[in-house]
Amino acid sequence: MSLAADQRGSTYPEFLIAFMPLLTLFLSTWQLSDMFTSGLSVQHAAIVGARTAGVVLADDPAEEGGDAVGELGPHRRKMIEDATMMSLASQITDGTIVGVEVEIAKDGASGALSFAPQGTGAVEFVSVDVRVRYRCHIPLGAELVCGADRVREFSRHARYPYQGAAYDY
C-alpha cells in the first residue's frame, strides 16, 4: 500500500481543524463574560458612590474637614471616591481594572456642587459617573474581543437623592 493511499491517522488533522475554531470561540466567550461581569461591578461601584455621596454630603461639618453641609469639599470627595474604589478593589488588585475615574455632579448643574437642605423644595439628586480601563487577560480571546492593545474603556452612571435634613448640627 502506498503512502498516498494510507488513511490511518486521518482523525488527528480533522481534530485539529475542528478544535481550533471551537477553542477560539470558547476563549472569546469567556473573555466577553468576564468583561460583562466587570461592567456589572463598575455599575455597582457607581451606585455605591452615588449612595455614599447622597449620605456623606449631609454629614456634620466638624467630622467632614470643615466642609459646609451640602457642599462637596476635598474631604467628602475623597470619601466618595474611596467608597467607589473599595467596591472595585478585587478587580483593581488583580490587574483587571487598570484605571478608574470618578466624577461627581449634581443633576442639571455645573460648577460647584452644593445642595439645599431637604424640605426646602424639590428633591435634588447627586450623580456619579465611573469610567474604567479594563484589561482583557484571557489568552487568544483578549485579542479578538479587545483588540491588539487588550484594553477596553467603559463607564457607568448612577444617581441617588441627596439625604440632607433641614437642621443644624
Open item on the list: Highest mean first, how do 35-41, 132-138, 18-24, 146-152 rank when packing is the count of other Cβ atoms within 10 Å averaged over residues?
Closed with: 132-138, 35-41, 146-152, 18-24
TODO: Enter the Cα centre distance for the pair the range 36-63 and the range 132-158, rounded to the nearest angstrom.
DONE: 24
- [ ] Compute the FRET efficiency between His75 and Val151 as 1/(1 + (r/R0)^6), taking r as their Cβ-Cβ distance and R0 = 30 Å, and round to the nearest 0.05.
- [x] 0.40
Task: Mean ellipticity per residue at 222 nm, deg cm²/dmol - from DSSP H runs of n ≥ 4 across the chain, formula -39500 (n - 2.57) - done: -14000 deg cm²/dmol
TODO: Run the quick spin-label model on Asp6 and Asp82: label points 7 Å from Cα toward the beta carbon, then report their separation in nm to one decimal.
DONE: 7.2
Task: Of all accessible heavy-atom area on the chain, the percent that carbon and sulfur account for (1.4 Å) - done: 60
- [ ] Have a look at Thr29, Gln43, Gln163 and report the one farthest towards the positive end of the charge dipole of the chain, computed about the Cα centre with Cβ charges (Lys/Arg +1, Asp/Glu -1).
- [x] Thr29
Task: Charge sum, other residues only, whose C-beta stays under 15 Å from Thr37's C-beta, Lys/Arg counted +1 and Asp/Glu -1 - done: +1
Open item on the list: Under 20 Å from a point placed 7 Å out from the Cα of Glu103 along the Cα-to-Cβ direction: which residues of the range 29-43 have their backbone N that close?
Closed with: 39-43
Task: Positive-end extreme of charge dipole, the chain - chosen from Gln7, Ala105, Thr52 (charges on Cβ) - done: Gln7
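The values are calculated or read from the model by the stated rules, or taken from the named source; none is laboratory data. Because the structure is predicted, anything quoted here is derived from the model rather than measured. Using ideal geometry, Cβ is built from the backbone for each residue, glycine included, and neighbour counts are taken over all protein chains shown. The area values use the complete protein model at the heavy-atom level, side chains included, leaving out ligands, DNA and RNA. Shrake-Rupley method; radii C 1.70, N 1.55, O 1.52, S 1.80 Å.
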